[in-house]
Amino acid sequence: MLMPEQVERRRLLGLVSEQVDGFFGRLDGLPVAPDVTADEIRAHLAGYDFEQPLAADAALADALTMLERWSTHNAHPRYFGLFNPTPSFMGVLADTLTAAVNSQLATWSASPAGIELERHLVRYVTGLAGLDVELAGGSFTTGGAEANQTATLVALTRTFPTYGDAGLRSLPGQPVFYASAESHLAWLKIAHACGLGRDALRLTSVDDELRMDVEALREQIAADRAAGALPFMVAATAGTTSAGVLDPLPEIAELCRVEDVHLHVDAAWAGAALLSERLRPVLVGIERADSVTIDAHKWLSVPMGAGMFLCRENAWLAETFRVATAYMPPTPEGIADPYVHSIQWSRRLIGLKLFLTLAVAGREGYAAVIEEQARLGDALRTKLIAAGWRVVNATPLPVVCFQHPALSPGAHGALVEELQRRGRAWISATRLRGEPALRACITSYLTMQADLDILLEELALALAV
Ligand SMILES: *Cc1c(COP(=O)(O)O)cnc(C)c1O
């Protein structure tokens with residue numbers, strides 16, 4: 001039942017390839033966001049009681065129809081959204097191959113190809129980040145949140161020798177860590193999940209440009225120490241979610257050295273800049289990190305979920321995730337089995353989509369795509385200013401936050417709703433310095449100048465409502 005004969009397999013693969021190709025062909029004309037209620041979708045799904053088997057053709061056609069009609073299309077060239085990319089085509093093909101072979105990446109013996117291929121990529125990216133490749137370790141993760149959680153566990157483990165076995169209760173004080181008020185708030189869930197408690201996260205204030213304020217950080221660490229707390233990690237953000245701003249990594253790295261705390265650099269989105277010689281300097285200081293998060297499913301444009309965790313010493317991962325069982329295959333000499341170096345146990349091959357995209361585009365080809373998106377960000381800023389908007393964030397990267405003198409603070413949400421309802425473009429709302437702002441990010445490699453002009457038209461129309 002679960003594996004048709006070859007003739008039928010070929011027919012269905014052909015059908016899916018037509019569906020996928022048709023989707024990419026129609027994409028530009030689709031509404032970027034759906035107009036649908038949960039009740040409508042639930043009424044449709046009520047037709048699936050799974051008692052009568054469906055023909056594969058009908059099931060596939062309905063699945064694509066549902067996804068196409070009832071999704072916000074972050075693959076769309078005018079999705080100016082939340083770091084969700086148009087997936088690279090090689091990435092789409094890679095995920096198909098990955099699913100077909102379905103290799104288990106827990107142990108080397110079960111997937112020598114997959115594990116070596118991911119190791120090769122981790123070493124490549126580690127080298128681009130400027131860490132010592134021979135000493136460093138890392139793994140592919142489901143995304144940035146898992147990578148940041150890994151960082152927290154590693155930092156706790158290497159800072160507090162009793163933490164791993166005796167737990168937080170064995171420590172003489174409350175461990176605390178620091179991220180800027182503009183950081184990605186998965187940190188709160190991580191503090192909760194690690195048993196630190198959400199109060200252990202210190203949200204450090206930011207300067208006028210929304211960068212972590214290093215003086216405030218220094219004072220906060222001193223105050224925490226004076227109160228008996230145990231600072232163990234600073235998580236600097238390279239590319240904040242709201243405003244695409246980069247915390248001052250060299251100054252933070254220096255402070256971490258003096259204070260002897262783990263430096264994590266969360267470059268989930270902006271880490272892609274490592275591929276570009278022109279943009280790489282914005283990440284200067286990353287080479288001093290103890291650990292780094294980079295999401296391949298953001299600016300590297302591979303299908304979700306693909307994050308990466310990198311750290312200065314592979315031994316930290318081995319210490320954090322150690323376990324021995326009778327039933328797992330033995331680890332060959334010189335191999336770092338993923339199940340004893342990461343949070344996941346059974347794991348899919350995640351890296352193939354990055355591997356194939358990089359292999360086929362080449363580093364320079366990939367860099368050219370990223371650089372073009374950065375240029376479009378500059379072009380969008382220029383167009384917005386020319387049209388009377390005020391740009392309220394400062395970053396060399398393609399996230400633009402803006403306000404309009406004619407738009408009252410309370411009206412930003414309604415403008416975004418109206419623009420999304422019209423369906424020709426998609427932007428979001430955020431808050432900066434306590435004030436509402438609109439936010440547009442060039443997140444699709446399909447976006448062109450003409451798409452920016454359509455966005456400007458749509459903004460003018462929504463503003464007039
Ligand atoms: C997106 C993002 C995260 C969370 O990553 P996921 O891939 O969504 O789990 C963490 N930090 C930053 C800076 C991000 O942009």
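Odds and ends about this structure:
- Scoring 14-25, 129-140, 251-262 by mean Cβ neighbours within 10 Å over their residues and listing the highest first yields 129-140, 251-262, 14-25.
- Shown here are the Rg and Dmax of the Cα trace of the stretch 375-460, at 12.0, 33 Å.
- Equivalent ellipsoid semi-axes, the chain, via Cα gyration tensor eigenvalues times 5, rooted, Å: 36, 32, 21
- Estimated FRET transfer efficiency (Asp57, Met3; beta-carbon r; R0 22 Å; 0.05): 0.85
- DSSP-defined beta bridges in the chain - what % are antiparallel, rounded to 5: 55 percent
- Taking Cα centre as origin and charging only the Cβ of basic (Lys, Arg, +1) and acidic (Asp, Glu, -1) residues, the dipole magnitude of the chain rounds to 80 debye.
- For Arg363 and Asp39, the difference between the fully extended length at 0.36 nm per residue and the C-alpha to C-alpha distance is 112.0 nm.
- Inter-site label distance for Leu461 and Val133 at 7 Å from Cα along Cβ, in nm: 5.1 nm
- Two-site FRET efficiency, His192 against Leu171, from Cβ-Cβ distance with R₀ of 25 Å, rounded to 0.05: 0.90
- The chain, accessible area per residue, ligands and nucleic acids excluded (1.4 Å, Å²): 45 Å²
- Label-to-label distance for Asp49 and Ser205 is 6.3 nm, based on points extended 7 Å past Cα in the beta-carbon direction.
- Euclidean distance between Cα centres, the stretch 301-352 to the stretch 450-465, Å: 47 Å
- Straight-line cross-link reach from Lys189 at under 19 Å between alpha-carbon atoms covers these aspartates and glutamates, not counting any fewer than eight positions away in the same chain: Glu146, Asp199, Asp266, Asp295.
- For the stretch 216-238 versus the stretch 260-281, the inter-centroid distance based on Cα atoms is 22 Å.
- Segments 356-367, 111-122 sorted - mean Cβ within 10 Å per residue, highest first: 111-122, 356-367
- Shape category assigned to the stretch 256-378 from the gyration tensor of Cα positions, a/c cut at 1.5: oblate
- Nearest-0.05 FRET efficiency for Leu64 and Ala222, computed from C-beta distance (R0 45 Å): 0.20
- Kirkwood hydrodynamic radius (C-alpha pairs) into Stokes-Einstein, the stretch 179-237, 25 °C and 0.890 mPa s, D in µm²/s: 206 µm²/s
The values are calculated or read from the model by the stated rules, or taken from the named source; none is laboratory data. Not measured: the values here are computed from a predicted model. Cβ: placed from backbone, ideal geometry, glycine included. Neighbour counts: every protein chain shown. The protein model used for the area step is the full one, side chains on, heavy atoms only, and it has no ligands, DNA or RNA in it. Shrake-Rupley method; radii C 1.70, N 1.55, O 1.52, S 1.80 Å.
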